[in-house]
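The values are calculated or read from the model by the stated rules, or taken from the named source; none is laboratory data. Since the structure is predicted, the reported quantities are computational estimates derived from the model, not experimental observations. Cβ placement follows ideal geometry from the backbone for every residue including glycine, while neighbour counts extend to all protein chains displayed.
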Amino acid sequence: MRYIHFTQPIARSVVPTADFGGRLAASGIDRQLDWLFGTAVAGFAGTARGGSFPVDVYGDKDSTYVRAELPGVTRDAISVEVVDGSLSIQASRKGKSAGGEDTVSFSREVSVPSEVQSDKISAVYENGILTITLPRAEEAKPRKINVSVN
Amino acid sequence: MSLFNSLIHPASGGCATGQQHQARRPRFEVEETDTAYGLTVFLPGVAKDGIEITDESGELRVTGKRSPGLPEGSSVLYRETSDTSFELVLAHDNSVDSGKIEAELKDGVLHLSLAKAESAKPRKISVN
């Protein structure tokens, strides 16, 4: 992020701040004002940082689903693996940096039920969300057993 | 360019008073060239028709509604994400040409190209 010099700090910044400050007081809502340079740098650091990402786990009677927020990652570089009840997700995103392009990596391990049909795991990537379907093994599904009483 | 942004914005046409207005600020990046600003907004889970971009009174507003959360009949085992909408408001003091804003959404990432207004471009004034 480059530092950009303000040539007219009074015209450009102080006036609108005062204006919104007035509205702020009137609205009574406590708001945080961030300036372009502060927020842009923070936002940049936040997105450029790789590592973890948020996930949801949910299930229905047939499957367990793991949903991960991974906006803008390269489709071909998404890797999903299940080993011993642990689901491993890896992805990467190409980003721009000062020196050109760079790659940001993400990875996360999630514990999943061990009774999963490993060969039937599927994944869909849409709108920046990766959804992994883990079908339950037959033995693990609830089963109704009829008992005949003589 | 005094871009700043906020979670909740007062005195806006779309935000009715009395209505609970919940939104969160998405992650974003700003790049600047001589002729334009490049804005990248991360909107995971937002489809094309869930995005609204307006530019009014020197403020650019991007809102993104997330697609409905979980499929029916499923139960949550663990939750880290939120279905709250995204909202980003950036004030630019009309230094952006509203007629030349281009937007592209791909895989939950919105790219906006904001051409600078003529008045905002650097200008050299010669002294006679």
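Assorted remarks:
- Taken together, the residues in region A:57-90 that are among the aliphatic types (A, V, I, L, M), touching a Ser or Thr at 6+ places or on another chain (Cβ under 8 Å) and more than 11 Å from chain B (Cβ to nearest Cβ) amount to 5.
- Some residue of region B:3-21 being under 11 Å from the mean Cα position of the chain (by Cα), surrounded by 15 or more Cβ atoms within 10 Å (Cβ to Cβ) and at pLDDT 80 or above: no
- From the options B:Thr40, B:Thr54, residue that is part of a strand (DSSP E or B), among the polar types (S, T, N, Q), farther than 17 Å from A:Pro54 by Cβ and facing another protein chain (nearest Cβ under 9 Å): B:Thr40
- Residues in region A:83-120 that are assigned to a loop (DSSP other than H, G, I, E, B) and either of a type in the set (Asp, Glu) or under 13 Å from A:Arg67 (Cα atoms) (or both): A:Asp84, A:Val112, A:Glu115.
- Counted residues, region B:67-117 - those being part of a loop (DSSP other than H, G, I, E, B), surrounded by fewer than 15 Cβ atoms within 10 Å (Cβ to Cβ) and of a type in the set (Asp, Glu): 3
- In region B:65-95, the residues that are more than 10 Å from every other protein chain (Cβ to nearest Cβ), under 15 Å from A:Ile129 (Cβ atoms) and hydrophobic (A, V, I, L, M, F, W, C): B:Phe86
- Tallying residues that are more than 30 Å from A:Leu70 (Cβ to Cβ) and either touching a residue at least 60 places away in the same chain (Cβ under 8 Å) or touching a strand residue (DSSP E or B) at 6+ places or on another chain (Cβ under 7 Å) (or both) within region B:97-128 yields 9.
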